[in-house]
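Every number here is computed from the coordinates shown, using simple stated rules; none is lab data. What you are looking at is a predicted structure, and each value in this text was computed from that prediction instead of being measured. Cβ placement follows ideal geometry from the backbone for every residue including glycine, while neighbour counts extend to all protein chains displayed.
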Amino acid sequence: MKYSAVVIGTSSGGMNALKAILPELPVNFNIPIIIVQHIGASSESYWIELLNNMCQLNIKEADEKEKIEKGHIYVAPPNYHLLIEENETLSLSIDKRVNYARPSIDVLFESAADAYREKLIGVLLTGSNNDGALGMKKINALGGLTIAENPQTAASSYMPLAAIAATEINYVLSLKEISDLLIKLSKQI
């Protein structure tokens, strides 16, 4: 099966997790990636620049109504929920916080599940709350593929454990295994 998008959610410890996964992806990785990293409302985007300098794929802060392109990585801006529309464009929202967070992983994952259904890969990484668990459940229910970071090796096990408790997770993997699996899945036709 060919996948159309990857959504990644992470919180505390997430920067190191992203630095372990994203630089491993080759320049010909052809599935767009959309990320929510829990960040403060007034955070600067220096961490996106840092990741961009480490990666072969283009990483950028998401813009309203931006068309999702293959080979690009989009990151939720501070203090905005990031959603995926049915026409595969990005949408920003200042609706109330979900799971104490804006951007919320559940908001991204649930909208992505509606847009991509069985062609979606959901990846939930380290974090200290249960944001993402309901989103992973919806991805699973609509036929998408779910991957959780192994709680035993995660900087914070709470978020992956919450997802594992909420739904059947297809893969529970280390960060290296996650990047390897994403590369393998991107080559499927």
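Our analysis of the stretch 42-117 gives Rg over Rh at 0.97, with the two radii drawn from alpha carbon positions and Rh computed by the Kirkwood formula.
If R0 is 22 Å, the Cβ-Cβ spacing of Arg97 and Glu61 corresponds to a FRET efficiency of close to 0.70. Spacing of the modelled spin labels on Glu86 and Asp180, each 7 Å from Cα toward Cβ, amounts to 4.1 nm.
Close amide H contacts of Val75 (hydrogens built in the peptide plane, cut-off under 5 Å, sequence separation of 5 or more or a different chain): Ile35, Lys60, Glu61, Ala62.
Considering only Asn170, Ser111, Asn129, the residue lying farthest towards the positive end of the dipole of the chain is Asn170, judged by Cα position with unit charges set on Cβ. With θ taken as phi - 60° and the Karplus curve 6.51 cos²θ - 1.76 cosθ + 1.60 applied, the whole-hertz 3J(HN,Hα) list for the stretch 70-77 is 4, x, 10, 10, 10, 10, 5, x Hz, x standing for glycine and proline. Hey, what D do you get for the chain in µm²/s if you plug the Kirkwood alpha-carbon radius into Stokes-Einstein at 20 °C and 1.002 mPa s? For the chosen part, D equals 136 µm²/s.
The ellipsoid that matches the Cα gyration tensor of the stretch 77-174 has semi-axes, each √(5λ) in whole angstrom, of 21, 17, 10, with the longest given first.
Under a plain spin-label model, where a point goes 7 Å from the Cα along Cα-to-Cβ, how far apart in nm are Thr153 and Asp114? Taking the two extended label points, one gets 3.5 nm.
Shown in residue order for the stretch 105-117 are the 3J(HN,Hα) couplings computed by the Karplus curve 6.51 cos²θ - 1.76 cosθ + 1.60 at θ = phi - 60°: 5, 4, 4, 5, 4, 5, 5, 5, 4, 5, 6, 10, 6 Hz (x for Gly and Pro). The peptide list 51-59, 119-127, 8-16, put in order of mean Cβ contacts within 10 Å with the highest first, becomes 119-127, 8-16, 51-59.
Only four residue types carry charge here, +1 at the Cβ of Lys and Arg and -1 at the Cβ of Asp and Glu. Report the dipole size of the chain about the Cα centre in Debye, rounded to the nearest 20.
300 debye
Rounded to the nearest Hz, the phi-derived 3J(HN,Hα) couplings of the stretch 140-145 under the Karplus curve 6.51 cos²θ - 1.76 cosθ + 1.60 (θ = phi - 60°) are 4, 4, 9, x, x, 9, where x marks glycine and proline.
Each DSSP beta bridge with both residues in the chain is either parallel or antiparallel, and the antiparallel ones are about 20%.
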